[in-house]
Amino acid sequence: MDQKRVELFIGPNHPGAAGNSCMHLWMEGDIIKHVEPEYGYLHRAFEKLMEHRNLMQNVSIIPRICVPEPDINEEVYARCIEDICSIEVPERAKYIRTMVLELARMAATFLNLGFMCGGLGIYTVMQWAFADRDFILDLFEWLTGGRVYHIFIIPGGVRRDLPSGFKARVEEVLKYIEARLLEYDRTFYHNSFFVFRTKGHLIVGEEEIKRYCLTGPAVRAAGFAIDMRKLHQYEAYPDIDFDVVTLKDGDAYSRMLIKRMEIEQSIDIIRQVLAKMPEGKVLNKPINYKKWIPPKGESYQVVESTNGEYGYYMRFNGESGNPYRVHVRGPSYTTGTALMQELMKDKPIEDMPIYLSSFGVCPPEIDR
Amino acid sequence: MSEKGIDLIKWLASQGIQAQDGPSKGIISLNVPREQFIFVIQSLHREGFDYLATITCVDLQNQHCELIYNVYSFDLNMRLFVRVVVGYEEKMPTVLHLWPNARFYEREIYEMFGIGFTGNPDYAKPFILEGNDPIEVKFPMRKSFDSIEFSQTNYGDRDYGSKKS
Amino acid sequence: MAKKYTEYKQKKSLIEPLLAIKNLFQKPITVKIPAEKREVSPRYRGFHTNDLETCIGCGNCSEICPTSAITMVHDPSLPDDEPGRKPQRPWMDYGRCCFCALCVDVCPSGSLSMTKDFVWTSYNADDFYFMPDNKGIDNKGWQSDPETSIFHHEAVPVDILPSDERKKDFVVVTQGYDREKALAESMRCMECDVCRLACPAQMKIGDYIREIYFERYDDAVRIMLEDNPLSGVCGTICTHRCQDNCAISLRGDSLSIMYLKGYAVKQADYNKLLDELKPEQELGKKIAIIGAGPSGLSCAFYLRKAGFSVDIYEKNAEPGGMVRYGIPSYRLPNDIIGKDVKLMQEMGVNIKLGVEVGKDIEFEKLTSEYDAVYIACGLQKGMKTGIANEDAEGVWQAVDFLGQIRRGEDMKVGKKIIVIGGGNVAMDAARSAVRLQMKQHGNVDVSVICLEDFETMPAFKEEIEEAMEEGVKILPCVGVPRGKEGVLVRDGKVSGFRGYPVKALRDAQGRFNPQFDENAHTDFEADMIIEAVGQGPDFSFVPESIQEKMEKVAWRFKVDENYMTSVKGVFAGGDIWNARRDAISAIADGKKAAEGIARVILS
């Protein structure tokens, strides 16, 4: 190691990161020579906890695995169990789940936008993003009873039906967000400082995508139309008409733009879901949790989160009602570890928060 | 399943690897012995299964663990589980040269389950656990690790004796 | 056509961000709490509130809590033996609670809810471990109702023969459950064991229903036999107090425990269980039991299991007592009783049929030859109503009527029958009369006259409904005041019944004191009247010398906690002692008497 190298830490608390993680940087002057990520600040041992609780009790603890976007955890957990136990979900429940997932996507994108601005120092837009996310959280409070951790999707359907007047409320919030997007464009996305800091930086091309197994906005920003919602047709997505958004450059600017364009995509999807929602039950009650012993089997289910492919592997051994093994696979596992070490070599230190926010590195997914 | 997928399964069968219809729709399991593992995984990588989602480890409680390599092919839209049963004391060959992400996956598996990897220089570096608890935490995801005892010894219980009833 | 959002016009400008300054002149969206109020959603999951009047202390909330935040704490101010409730209440630990509301969704009585409160500060950490009570009940947030609850509120119905078919003959009315229905129904049980206190025999209901769900019928019956050796009989005709107190019945259908029990007994193989029930050692003591009814058989089972040598003296030709000779065969077929009794006989219980104590063998002989005698003779005589002309020809007691039918003897019934009484025995008599009328006359004319109204009639609701389907007419609130003519007689034979409307059944203190309107009366035509108002004992087999020594409570022999009367070595139990007088109470008495006999004899 060179005598001129200095070791610096970014984290564990940083306005540019979505969770707690410590990046050890070895620097020569302004340039990063080596990054060593240190995770473990948010390790809560979920996979072991889930092995000691039965299927109904697990529903309450899984949203806490991914803090910015908790609904994807409930969704994939429910789908794994429905796959192993062959449970049918009513049509209306599928549409409600789709709407919840898309609202969560929007809320998580706003959060990500807030963290990006925090990292760049554009604090006005950071406060705007958190405030506008609050309107979506109000919708969740009306529907599910909780603002951040919803505990709403259970195996067999969803827990409650839409309250009266909910569709009108959702339409109000969507109109408000569409109007606000204009302001965001003017203040942030067309802002010279933002463009200067991100355009042409941290380019990810086809080779990196293949070697590091990337998914999500990073791949779409490089020009490949890969979206888990189209590849694995789940929930109500087969009935919804939407296009996958792609751009060509693959740099940090394109990744942020993709996320912004996907806000409009989510608004369009939610409008279609509300228009096409059928009537009926919302829950096929699962077997009494005290007597539920699923058959021996395993399942791997995938959902498209804001940052890429999010998957759960579940395994039952047929003798106990508790899962035998649950493994959570988050997209940050690829972008927050090996890719960071490769991409941040010989880059200036100011690119670090850009990296963390444009890829959406979420430490809770890595630590579980 | 597509034509190319069926050819692939036939070719693997000719090499002695039997494919089973695995969990979920669209997933096929291959049970591979440890000695043939590198050959199989490299052939799959060549044939288009170049997306490694994750490496999962399951403790089978008879001094063996099962490693499941979750590979996916975008062209065929097909997922494969490559399963290897490995003993607690044995070491697996690494796939670092195919996927650089595996450096971290294998670090986590060693820290939680105790399976070593030859060819990966950092596999024994601590990744997630802090390492400074009063009682030593060694390979906590194995079924033999008692998490309740760990929690009682390190953190104790809160007593509500004065307020009960 | 590609969607509008797939295109984005990229721009870069230094001036445009400055347009944000116009937000300075807009109203901020911040809500200044607590000066302004913020509307909390009607489904908010805040702190808990528990309606202590409706909470039954079942403990389901603490079983499901994923973080072990709820503990059930015993409350000494609540009564210990109230059926359907447990004397404990939930205490919440907010250091652990994750506000998931699974406890609210699983609560069977609906007493637990969550409020819209979410602010609570205190300097003392122990304040956050508390018992939720009625405070906050007007501010409810997340509530549960049976449609969205975690428990299943709808029961699986059982198939019953349609009334046209079943009234033609004494065919069994329902076969109970089959495999699919039994699995679906046993799945519903929450294993909270609130029903256990209500059962007179305290059977381990949650445990054996769990074994039924996993299709381990032998294990299920093994658990049942620990408290009730006549499980097949109880699985068909029990008064099922457990079902009436099931936690789910508070807001849904109660669990059909009786049918599940009957199904399990049908599937179990008693031969496998026999090896465990044979006594390990013979104690060399002999016990005599008078009466092979449910109480006597139950006492014999437990005594034999302990190693005593048991002889039962039964005056009828078949064992079973009131269950065999009082309950019609369309409710309880003989083979079910036979399966249970056969088990006891194979264990070594000696049943002497057709031997009447007092006639064929003297009571003193029993007390001298055996180490103990257990009187379980039951209530063999029907109670009289006390109205005039009760002894005319054509007036029957229900006990005798049903007993004669069950013995297989000929019974000619009249064309118009009136049954007096409102309990299960009256329904049994009426429905048996219907079947005999269909066989002998081809049409049905049976009326049931009782003092109570439909709501307070003591018979089972299902029995009343099925009787009405079969054509029985029920006339509530009709009776005969003391001293007035009730039974109308012509030429020495019954010709009709005169009934007076009941104004009130109970007086101000709640005591049974019927008041009639003596000016209005209705005459009904009848050529047969069956009285089913109660049963009384027949202690003529006990000699006077011994009866004088026995302490009595009203007409009953007083027994202590070992079920021993004041005469040493003579025990009593069953219908002649307990107040409830159904089969399961008699069986419970038998078990407790067996334990008492063992304690007294072996000490």
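The values are calculated or read from the model by the stated rules, or taken from the named source; none is laboratory data. Just so it is clear, the structure is predicted and the values come from calculations on it, not from any experiment. FYI the Cβ positions are ideal-geometry reconstructions off the backbone, even for glycines, and counts take in every protein chain you see.
With a cut-off of at least 3 residues that are under 21 Å from the mean Cα position of the chain (by Cα) and modelled with pLDDT under 80, name the strands (runs of 3 or more DSSP E) lying wholly within the range B:1-85. Working first, answer last.
Working: elements: B:19-21, B:27-31, B:51-59, B:64-73.
Correct list: B:19-21.
Looking at the range C:553-575, which of the residues that are surrounded by 13 or more Cβ atoms within 10 Å (Cβ to Cβ) and either more than 22 Å from C:Ala588 (Cβ to Cβ) or among the hydroxyl-bearing types (Ser, Thr, Tyr) (or both) is nearest to the chain's Cα centre (by Cα)? Before the answer, list the steps.
Pass one, the range C:553-575, residues surrounded by 13 or more Cβ atoms within 10 Å (Cβ to Cβ): C:556-559, C:562-567, C:569-575.
Filter once more, so that each one left must be either more than 22 Å from C:Ala588 (Cβ to Cβ) or among the hydroxyl-bearing types (Ser, Thr, Tyr) (or both): C:563, C:565-567, C:569.
Values: C:Tyr563: 24, C:Thr565: 29, C:Ser566: 32, C:Val567: 34, C:Gly569: 33 Å.
In this case the residue turns out to be C:Tyr563.
Please work out if A:Thr198 is surrounded by 18 or more Cβ atoms within 10 Å (Cβ to Cβ), within 9 Å of another protein chain (Cβ to nearest Cβ), in contact (Cβ under 8 Å) with a residue 24 or more places away in the chain and on the phi < 0 side of the Ramachandran plot.
On the way: surrounded by 18 or more Cβ atoms within 10 Å (Cβ to Cβ): yes; within 9 Å of another protein chain (Cβ to nearest Cβ): no; in contact (Cβ under 8 Å) with a residue 24 or more places away in the chain: yes; on the phi < 0 side of the Ramachandran plot: yes.
When the stated conditions are applied, A:Thr198 does not pass them.
If we scan the range A:61-83, do we find a residue that is part of a strand (DSSP E or B), aliphatic (A, V, I, L, M), in contact (Cβ under 8 Å) with a residue 60 or more places away in the chain and more than 13 Å from chain C (Cβ to nearest Cβ)?
Within the range A:61-83, the subset part of a strand (DSSP E or B) is none.
Within the range A:61-83, none of the residues are part of a strand (DSSP E or B), aliphatic (A, V, I, L, M), in contact (Cβ under 8 Å) with a residue 60 or more places away in the chain and more than 13 Å from chain C (Cβ to nearest Cβ).
Give just the number: which of (1) aliphatic (A, V, I, L, M); (2) part of a helix (DSSP H, G or I); (3) more than 14 Å from chain A (Cβ to nearest Cβ) does C:Ala182 not satisfy?
(3)
Looking at A:Ser299, is it at pLDDT below 90 and not in a helix (DSSP H, G or I)? Give the derivation first.
On the way: at pLDDT below 90: yes; not in a helix (DSSP H, G or I): yes.
Yes.
What is the number of the single condition among (1) facing another protein chain (nearest Cβ under 10 Å); (2) touching a Pro at 6+ places or on another chain (Cβ under 8 Å); (3) among the aliphatic types (A, V, I, L, M) that A:Val148 does not meet?
The number of the failed condition is (1).
Determine which member of the set B:Arg103, B:Arg83, B:Arg107 is over 14 Å from B:Phe37 (Cβ atoms), touching a Ser or Thr at 6+ places or on another chain (Cβ under 8 Å) and charged (D, E, K, R). Full working, then the answer.
Details: B:Arg83 fails: over 14 Å from B:Phe37 (Cβ atoms); B:Arg107 fails: touching a Ser or Thr at 6+ places or on another chain (Cβ under 8 Å).
Of the residues listed, the single one that is over 14 Å from B:Phe37 (Cβ atoms), touching a Ser or Thr at 6+ places or on another chain (Cβ under 8 Å) and charged (D, E, K, R) is B:Arg103.
Being surrounded by fewer than 22 Cβ atoms within 10 Å (Cβ to Cβ) and without any contact (Cβ under 8 Å) to a residue 60 or more places away in the chain narrows it down to one residue among A:Ala168, A:Ala221; which is it? Explain how you work it out, then say what you get.
Values: A:Ala221 fails: surrounded by fewer than 22 Cβ atoms within 10 Å (Cβ to Cβ).
Just a single option satisfies the conditions, and that option is A:Ala168.
Taking the stated definitions as given, is C:Ala201 surrounded by fewer than 21 Cβ atoms within 10 Å (Cβ to Cβ), within 30 Å of C:Glu466 (Cα to Cα) and modelled with pLDDT of 85 or more?
On the way: surrounded by fewer than 21 Cβ atoms within 10 Å (Cβ to Cβ): no; within 30 Å of C:Glu466 (Cα to Cα): yes; modelled with pLDDT of 85 or more: yes.
For C:Ala201, the condition - surrounded by fewer than 21 Cβ atoms within 10 Å (Cβ to Cβ), within 30 Å of C:Glu466 (Cα to Cα) and modelled with pLDDT of 85 or more - is not met.
Please note which strands (runs of 3 or more DSSP E) are completely contained in the range C:481-560 and include at least 3 residues that are touching a residue at least 24 places away in the same chain (Cβ under 8 Å). Give the derivation first.
On the way: elements: C:487-490, C:493-506, C:512-516, C:522-525, C:528-531.
By residue number, C:487-490, C:493-506, C:522-525, C:528-531.
Output the number of the condition that A:Arg44 fails; it satisfies all remaining conditions of (1) crowded, with 19+ Cβ neighbours inside 10 Å; (2) part of a loop (DSSP other than H, G, I, E, B).
(1)
Quick one: which residue in C:Tyr370, C:Tyr374 is hydroxyl-bearing (Ser, Thr, Tyr), out of contact with any Leu (no Cβ under 7 Å at 6 or more places or on another chain), within 30 Å of C:Leu283 (Cα to Cα) and surrounded by fewer than 24 Cβ atoms within 10 Å (Cβ to Cβ)? Working first, answer last.
Details: C:Tyr374 fails: surrounded by fewer than 24 Cβ atoms within 10 Å (Cβ to Cβ).
So the residue among C:Tyr370, C:Tyr374 that is hydroxyl-bearing (Ser, Thr, Tyr), out of contact with any Leu (no Cβ under 7 Å at 6 or more places or on another chain), within 30 Å of C:Leu283 (Cα to Cα) and surrounded by fewer than 24 Cβ atoms within 10 Å (Cβ to Cβ) is C:Tyr370.
Every residue in the range C:104-150 that is away from every other protein chain (no Cβ under 12 Å) and not in a loop (DSSP other than H, G, I, E, B), please.
C:Leu112
Scan the range B:86-139 for residues that are in contact (Cβ under 8 Å) with a residue 40 or more places away in the chain, outside any loop (DSSP other than H, G, I, E, B) and within 14 Å of chain A (Cβ to nearest Cβ) and jot them down.
Matches in the range B:86-139: B:Ala102, B:Tyr105, B:Glu106, B:Ile109, B:Met112, B:Phe113.
Name, by its number, the condition in (1) over 11 Å from C:Tyr208 (Cβ atoms); (2) small (Gly, Ala, Ser); (3) more than 15 Å from the chain's Cα centre (by Cα) that does not hold for C:Ala247.
Tallying (1) over 11 Å from C:Tyr208 (Cβ atoms); (2) small (Gly, Ala, Ser); (3) more than 15 Å from the chain's Cα centre (by Cα), C:Ala247 fails exactly one: (3).
Just name the residue that is farthest from C:Gly57 (Cα to Cα) out of those in the range C:104-126 that are among the β-branched types (Val, Ile, Thr) and touching a residue at least 40 places away in the same chain (Cβ under 8 Å). Write out each step before concluding.
From the range C:104-126, those among the β-branched types (Val, Ile, Thr) are C:104, C:106, C:115, C:119, C:121; that's our starting set.
Restricting the remaining residues to those that are touching a residue at least 40 places away in the same chain (Cβ under 8 Å) gives C:104, C:106, C:115.
Values: C:Val104: 14, C:Val106: 13, C:Thr115: 20 Å.
Selected residue: C:Thr115.
Which of the residues that make up the range C:523-556 are in contact with a Phe, Trp or Tyr (Cβ under 8 Å, 6 or more places away or on another chain) and of a type in the set (Val, Ile, Thr)?
Across the range C:523-556, the qualifying residues are C:Ile529, C:Ile530, C:Val542, C:Ile546.
So in the range A:243-258, with the set limited to residues that are acidic (Asp, Glu) and more than 9 Å from chain C (Cβ to nearest Cβ), which one is nearest to A:Tyr189 (Cα to Cα)?
Going through the range A:243-258, the residues acidic (Asp, Glu) turn out to be A:243, A:249, A:251.
Next, from what is left, pick out any that are more than 9 Å from chain C (Cβ to nearest Cβ): A:249, A:251.
Values: A:Asp249: 16, A:Asp251: 14 Å.
The selected residue is A:Asp251.
Scan the range C:144-198 residue by residue and report those that are out of contact with any strand residue (DSSP E or B) (no Cβ under 9 Å at 6 or more places or on another chain) and acidic (Asp, Glu).
Selection gives C:Asp145, C:Glu154, C:Asp164, C:Glu165, C:Asp169, C:Asp178, C:Glu180, C:Glu185, C:Glu191, C:Asp193.
Hey, could you check the range C:385-414 for residues that are basic (Lys, Arg) and part of a loop (DSSP other than H, G, I, E, B) and say which is nearest to the chain's Cα centre (by Cα)?
Pass one, the range C:385-414, residues basic (Lys, Arg): C:406-407, C:412.
With the extra rule that they be part of a loop (DSSP other than H, G, I, E, B), the set shrinks to C:407, C:412.
Details: C:Arg407: 28, C:Lys412: 34 Å.
For the range C:385-414, the residue satisfying everything is C:Arg407.
Assess whether A:Phe135 counts as being in contact with a Ser or Thr (Cβ under 7 Å, 6 or more places away or on another chain) and not aliphatic (A, V, I, L, M). Can you show your working first?
On the way: in contact with a Ser or Thr (Cβ under 7 Å, 6 or more places away or on another chain): no; not aliphatic (A, V, I, L, M): yes.
Answer is no for this residue.
Assuming A:Ile293 fulfils every condition listed in (1) within 9 Å of another protein chain (Cβ to nearest Cβ); (2) in contact (Cβ under 8 Å) with a residue 60 or more places away in the chain apart from one, which condition is it?
Going through the list (1) within 9 Å of another protein chain (Cβ to nearest Cβ); (2) in contact (Cβ under 8 Å) with a residue 60 or more places away in the chain, A:Ile293 breaks only (2).
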